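Below is one structure. I have some questions about it.
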Amino acid sequence: MEKLEKYIKISYTLSLICIIAGIVLLAMFADYHQTGISLINIGSIILFVTFIRAKRYRSGPVKDERTIKIGAYGLSYSWLVTFILISLLFWVEEFELAQLTVKNVLAILMVTMLATAKGIQWYLFRKGDID
């Protein structure tokens, strides 16, 4: 529980620093208008996520055997899907089916890893226990 309180304090402080820095940039410097708006948005997102997490885990996160097992299986399946995608991207590049840049490949991999990890874990939680 002490870790959660420390996380909450640090996150709230970081979000307020970002918001204040964004407001200062907007008020003082006309050249940094976009940066100021970005900092305010980042601070607001951190504030919102921290509030939701603090509300949800006030009594502590749920960590039982089923939750740990589903998390491990979800990440394992996500790794497998990502590995298959890397193989497919290799063959796409080898046969010159599409012109891929490093930035495109990294974006595809990051989105795939996040989406499959959360998606598979969500599916396994809905399904129930893993056999």
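The values are calculated or read from the model by the stated rules, or taken from the named source; none is laboratory data. What you see is a predicted model; the values in this text were computed from it and never measured. Every residue, glycine among them, receives a Cβ derived from its backbone with ideal geometry; neighbour counts consider all protein chains shown. Just so you know, the surface numbers come from the protein's heavy atoms only, side chains and all, with ligands and any DNA or RNA stripped out. Shrake-Rupley method; radii C 1.70, N 1.55, O 1.52, S 1.80 Å.
Given (1) 18.4; (2) 17.1; (3) 20.2 as candidate values of Kirkwood radius over Cα pairs in Å, which corresponds to the one derived from the coordinates?
(1)
In addition: How large is the dipole of the chain about the Cα centre if only Lys and Arg carry +1 and Asp and Glu carry -1, each at its Cβ, rounded to the nearest 20 debye?
Numbers: 14 positive and 10 negative charges, 157 e Å.
In total the dipole reaches around 760 debye.
What percent does the relative contact order of segment 12-79 come to when contacts are Cα pairs within less than 8 Å and at least six residues apart?
30 percent
Additional query: How long is the gain from Met110 to Ile20 if the chain were fully straight, where each residue apart is worth 0.36 nm and the alpha carbon distance is subtracted?
29.3 nm
Would you work out if segment 67-124 is rounded, prolate or oblate? Take a ≥ b ≥ c from the square roots of the eigenvalues of the alpha-carbon gyration tensor; rounded if a/c is under 1.5, else prolate when a/b is larger than b/c, oblate otherwise.
Prolate, because a/c is 1.5 or more and a/b exceeds b/c.
For segment 31-131, with the dipole built from +1 on Lys and Arg beta-carbon atoms and -1 on Asp and Glu ones, taken about the Cα centre, which of Phe83, Ile52, Gly119 lies farthest toward the positive end?
Ile52
Then there's this: With n ≥ 4 as the cut-off for DSSP H runs, can you work out [θ] at 222 nm for the chain, using -39500 (n - 2.57) per run divided by the number of residues, rounded to the nearest 500?
Result for the chain, helices only: -29000 deg cm²/dmol.
Of the heavy-atom accessible surface of segment 1-49 (probe 1.4 angstrom), what whole percent is carbon and sulfur?
Values: 2710 of 3710 Å².
Carbon and sulfur atoms account for 73 percent of the accessible area of segment 1-49.
Quote the FRET efficiency, to the nearest 0.05, computed for Glu93 versus Val49 with a Förster distance R0 of 25 Å and r equal to the Cβ-Cβ distance.
Result of the calculation: an efficiency of 0.10.
Could you pull out the longest piece of the chain with no exposed loop chymotrypsin sites (Phe, Trp or Tyr not before Pro) in it, calling a site exposed if DSSP puts it outside H, G, I, E, B and it has at most 14 other Cβ atoms within 10 Å? All intermediate terms of the calculation are to be shown ahead of the outcome.
Working: sites that count: Phe29, Tyr57, Phe95.
No qualifying site falls inside 58-94, the longest such stretch.
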